[in-house]
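S.K.: A single structure is presented below for examination.
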Amino acid sequence: MSRFIIPKHLEVPLGACLPAPVKEQPGMITGNWRTERPVIDHEACTTCLNCFIYCPDACWHLDEKTEQMVWNADYCKGCMICVNECPANCLSTVNELEFPDGVVRLEKPF
Amino acid sequence: MAKEVFYSGCAAAAYGAKDARVEVISSYPIRPYTGIMMELSKLVANGELDAEFVLGEGEHAQVSIAYGASAAGARAYTGSSGVGVVYAMECYSPAAGGRLPCQMAIADRALDPPGDFGSEHTDVMSARDQGWIMGWAESPQEVYDNTIMYYRIGEDHRVQLPQFCCQDGYFVSHIPGKMQMEDQKAVDDFLPPYNPPHPLNPKKPINHGPQIFPDQGSAINVQRAVAFDDIEAVISEVVTDYNKAFGRKYSPFVDEYMMDDADIAFFIQGGHARTARYAVNHLRKKGVKAGVSRLRFMRPFPTEAVAASLSKVKAVGVIETNTSYGGVTRGGNIAPEARAACYNLDNRPIITSFMAGLGGEIVTLNEFYAMAKVLSDAVKSGKANNSYWMNFEKEVLDTHK
Amino acid sequence: MAIEVKTQNLEMVKSLRQVPQEEHYVPGHRTCQGCGPALVYKLVSKATGGNAIFLGPTGCMYVANTSYLCAPFAYPWMHTQITNGGAVASGIEAAYQVLIRKGKYKGELPSIVVMAGDGGSIDIGLQAMSSMMYRGHDALFVMYDNESYANTGIQVSPATPYGANTTFTPPGKNVPEGRVLFPKDAPQLVIGGHPAVHYVATASVAYPVDLINKVRKGLNYKGPSFVHLHAPCPKGWLFPAQKTIEVAKLAIQTGMWVNYTWENGEYTYDHTPKEYKPVKEYMKGQYRFNHLSDAHYAKMQAFIDARLKAPGKPIAIPVLGPREQ
């Protein structure tokens, strides 16, 4: 019997070996970093895929069924590279305060 | 078939590694451990051992290659001596904290300055607190046996720690002795293939070693503490099994010689223990009731076994073979640990550091007599200094006259 | 009879449409807004296609990516020290060679990728990188170059350009230009002395299809390859986060960065502009160069002009050492 009690919140997998994430890493939600978000005009979008390829946070993807770009609000940090690199000018920068779900507060300091 | 051979400690380590079927070996030359890699490179070159022999560009890389291979799921082997051992210092904690049970053969060598080929344990003793298993062999036979036993201890899922499998440079590494090499099949039965719980495998991906919250740092540390709590039971099990399989007579932690009726004892690790036993035979003839207690593991330090052994005598001289400048005894690192192990005893013995076996010097019979004199006087007077630098200490030299 | 070790054979992509939508470097990491190195990570991960093992030497892409016990890597990934990325990769590659040979691992040799920063590649990590290249391990060494030790607060590295203000090279009365030295040429270090290497390439986040193809080409070689990837750092170079790609493109248009391939001794150059813009145009957009005078810009222009005569090749560049100045 071990003499140790390890509190739940301090538990670390042995040797710090964690299962790899699959599609997203929900342990690090970064959507709450943004002050602005990119808003897409699907009519004007040519699906040139610039936003998809240039996003450092992999927050733009092409939905193959609808042939439309899909934005990932949970992780977009609001860097606006996509807006800057959009040749069709179909992306615009809109303040987070404009949205009912805007300005997500941090629940904990990190 | 087991066979009797006449091998040096270096060859014994190499053949131990071969019989343990190591899969990745990383080398870099430095005396005196080099002989191990020379032997292994031949075994790989002529097809007797199917392993990758990777030419490291230094000891830092050697250990990195070994723990990388271990993370990928291969049994990995490396080694070094002296300044090489301390050059790799950065890599010891990642290997232990990442729970990667590679093995590093050490043939001790004094640290610079200036260059000194001689044996001294200070090199790897500097790394004793990194979470590696550490112990010394006193003969080529024990080197061979430890190499195989350490893998089974380190790879046990209750342990999962890398191992320093140490021998004294030259005294053990370069002096051949008669030893028995075991049948490969029997070694395979004793030592199952390395089966890591989570290797780096694209079919079952893991992320190994992401950053943590500072308050989780202690939780990572406690993992190693748990392993070192459990490890003594594992070592006892493995040594018992090994003794049974191959007819050896190792005690797991402390090897005693004439301790049961002794008044004074030499406490020592490594090859100088053989000289110590020889000296004890002579001392006994002179009527001095001396004994030898030999430490087989420095990490884990076998607290209870040491206390039980040393409590049999009234005064203990720790033959340090390593230095700890400015340390508690102004001597070496072993006496403080031995003292601490005995602290709670009602009848704790006097324990002092004898600074001998440094820089490659032989511990002579005369030195043993001088040490015995110091210890016998201590028994009478009830006290001794914290440390004695043999050959330099005024008090010892005077007594010796 | 030894089992043949099969390796991946990755197809080249021709357009953005052919780039897989699947992410292996997934969203959910603490890199800065507009992070160039994070984009490099995403593109390299896409290029490998998942059957890969990544090594992350300490640096931004370790610390920022894997904060607080979570990491964004959908493939096996392991932290290494900043010093030993190449060595740990060597050990892993050697392990896979022997495990496949012995039939203990069934499948193709995974793509083994070291993702080292400039410090982990050509400064403190140089020895391990060079030795992995020299020994001929079947692995790819990626140097994502954000031209500084950014994780610790933007300190100078051997990849930092002349004139940059870093927290170890602040401009002052006695050192008006801040960074005095010109950078090490990383690809030349590899090309110049590693007989086992057949493929070295430079690429930029500005041209992602090219970057993916170069990574794939490097991985397809049975042996070590080196790719040097330009990764602008908004925080370290001090430009707005949305301009990462703009800055990367301007670097190519001014000759600050040259995309080229060295394959079996032959150089080919990509994205060469018809006419180079003055380097001042590139430097003006970054606050790290804000303190420079025209004389400093001229010095930088002279360096770039000389280097552009034969990028990636050993030519004499008129640069004075610090003791000659």
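S.K.: Run down C:Ile154, C:Ile92 and say which single residue is farther than 24 Å from C:Arg30 by Cβ, aliphatic (A, V, I, L, M) and touching a strand residue (DSSP E or B) at 6+ places or on another chain (Cβ under 9 Å).
M.R.: Every option except C:Ile92 fails the conditions.
S.K.: Just give me the residues in the range B:43-95 being in contact with a Leu (Cβ under 7 Å, 6 or more places away or on another chain), open to solvent by less than 10 Å² (accessible area, probe 1.4 Å), more than 7 Å from chain C (Cβ to nearest Cβ) and among the hydrophobic types (A, V, I, L, M, F, W, C), in sequence order.
M.R.: Scanning the range B:43-95 gives a single hit, B:Leu43.
S.K.: Show me the helices (runs of 4 or more DSSP H) entirely contained within the range C:231-325 in which 1 or more residues are farther than 30 Å from C:Val44 by Cβ and at pLDDT 95 or above.
M.R.: Per the criteria, C:279-284, C:294-307.
S.K.: Return a yes/no flag: does the range A:23-34 have any residue that is within 10 Å of chain C (Cβ to nearest Cβ), among the charged types (D, E, K, R) and in contact (Cβ under 8 Å) with a residue 60 or more places away in the chain.
M.R.: yes
S.K.: Please go through the range A:5-48 and pick out each residue that is of a type in the set (A, V, I, L, M, F, W, C), within 22 Å of B:His208 (Cβ to Cβ) and outside any helix (DSSP H, G or I).
M.R.: Correct list: A:Ile6, A:Val12, A:Cys17, A:Leu18, A:Ala20, A:Val22, A:Met28.
S.K.: Let me ask another. Condition first: surrounded by fewer than 24 Cβ atoms within 10 Å (Cβ to Cβ) and more than 7 Å from every other protein chain (Cβ to nearest Cβ). Now tell me which residues in the range A:53-68 satisfy that.
M.R.: A:Trp60, A:Asp63, A:Glu64, A:Lys65, A:Thr66, A:Glu67, A:Gln68
S.K.: What number of residues in the range C:60-81 are surrounded by 24 or more Cβ atoms within 10 Å (Cβ to Cβ), in contact (Cβ under 8 Å) with a residue 60 or more places away in the chain and within 12 Å of B:Pro210 (Cα to Cα)?
M.R.: 2
S.K.: Which residues, taken from the range C:149-193, are among the aliphatic types (A, V, I, L, M) and touching a residue at least 40 places away in the same chain (Cβ under 8 Å)?
M.R.: Correct list: C:Ala150, C:Ile154, C:Ala159, C:Ala164, C:Val180, C:Leu181, C:Ala186, C:Leu189, C:Val190, C:Ile191.
S.K.: Please state which one of C:Asn84, C:Asn146 is of a type outside the set (Lys, Arg), within 8 Å of chain B (Cβ to nearest Cβ) and either without any contact (Cβ under 8 Å) to a residue 40 or more places away in the chain or crowded, with 24+ Cβ neighbours inside 10 Å (or both).
M.R.: C:Asn84
S.K.: Need a quick list: strands (runs of 3 or more DSSP E) entirely within the range B:40-116 having at least 3 residues that are in contact (Cβ under 8 Å) with a residue 40 or more places away in the chain and of a type in the set (A, V, I, L, M).
M.R.: Because the criterion is at least 3 residues that are in contact (Cβ under 8 Å) with a residue 40 or more places away in the chain and of a type in the set (A, V, I, L, M), the strands (runs of 3 or more DSSP E) in the range B:40-116 that meet it are B:103-107.
S.K.: Based on what the data block shows, is B:Phe164 over 21 Å from B:Ala2 (Cβ atoms) and either surrounded by fewer than 24 Cβ atoms within 10 Å (Cβ to Cβ) or out of contact with any Cys (no Cβ under 9 Å at 6 or more places or on another chain) (or both)?
M.R.: When the stated conditions are applied, B:Phe164 passes them.
S.K.: Continuing with the same structure: Open to solvent by less than 50 Å² (accessible area, probe 1.4 Å) and in a helix (DSSP H, G or I): which single residue out of B:Ile212, B:Ile220 fits that description?
M.R.: B:Ile220
S.K.: Separate question: Please pick out the residue among C:Thr152, C:Thr160, C:Thr166 that is open to solvent by 20 Å² or more (accessible area, probe 1.4 Å) and under 30 Å from C:Lys284 (Cβ atoms).
M.R.: C:Thr152 is the lone residue from the list that is open to solvent by 20 Å² or more (accessible area, probe 1.4 Å) and under 30 Å from C:Lys284 (Cβ atoms).
S.K.: Related question: As an exercise: evaluate B:Tyr144 against (1) aromatic (Phe, Trp, Tyr); (2) in a loop (DSSP other than H, G, I, E, B); (3) in contact with a strand residue (DSSP E or B) (Cβ under 9 Å, 6 or more places away or on another chain) and give the number of the one condition it does not meet.
M.R.: Here B:Tyr144 clears every test but (2).
Residue-wise test of (1) under 30 Å from A:Leu10 (Cα atoms); (2) more than 11 Å from chain B (Cβ to nearest Cβ); (3) β-branched (Val, Ile, Thr).
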| residue | (1), (2), (3) |
| --- | --- |
| C:Gly56 | yes, no, no |
| C:Cys60 | yes, yes, no |
| C:Ala64 | yes, no, no |
| C:Trp77 | yes, no, no |
| C:Gln127 | no, no, no |
| C:Leu140 | no, yes, no |
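S.K.: Considering (1) part of a loop (DSSP other than H, G, I, E, B); (2) in contact with a His (Cβ under 7 Å, 6 or more places away or on another chain); (3) of a type in the set (Phe, Trp, Tyr), say which one A:Tyr75 fails and leave the rest.
M.R.: The one condition A:Tyr75 does not meet is (2).
S.K.: For C:Val13, work out the one condition from (1) within 21 Å of the chain's Cα centre (by Cα); (2) crowded, with 24+ Cβ neighbours inside 10 Å it doesn't fulfil.
M.R.: It fails just one condition, (2).
S.K.: Taking only pairs six or more apart or across chains, which ones have beta-carbon atoms under 9 Å, a first residue in the range B:201-220 that is more than 7 Å from chain C (Cβ to nearest Cβ), and a second residue that is surrounded by 18 or more Cβ atoms within 10 Å (Cβ to Cβ) and part of a helix (DSSP H, G or I)?
M.R.: Listed pairs, sorted by first residue: B:Ile220/A:Gly15; B:Ile220/A:Ala16; B:Ile220/B:Gly97.
The values are calculated or read from the model by the stated rules, or taken from the named source; none is laboratory data. Keep in mind the model is a prediction, meaning the values are calculated, not measured. Using ideal geometry, Cβ is built from the backbone for each residue, glycine included, and neighbour counts are taken over all protein chains shown. The area values use the complete protein model at the heavy-atom level, side chains included, leaving out ligands, DNA and RNA. Shrake-Rupley method; radii C 1.70, N 1.55, O 1.52, S 1.80 Å.
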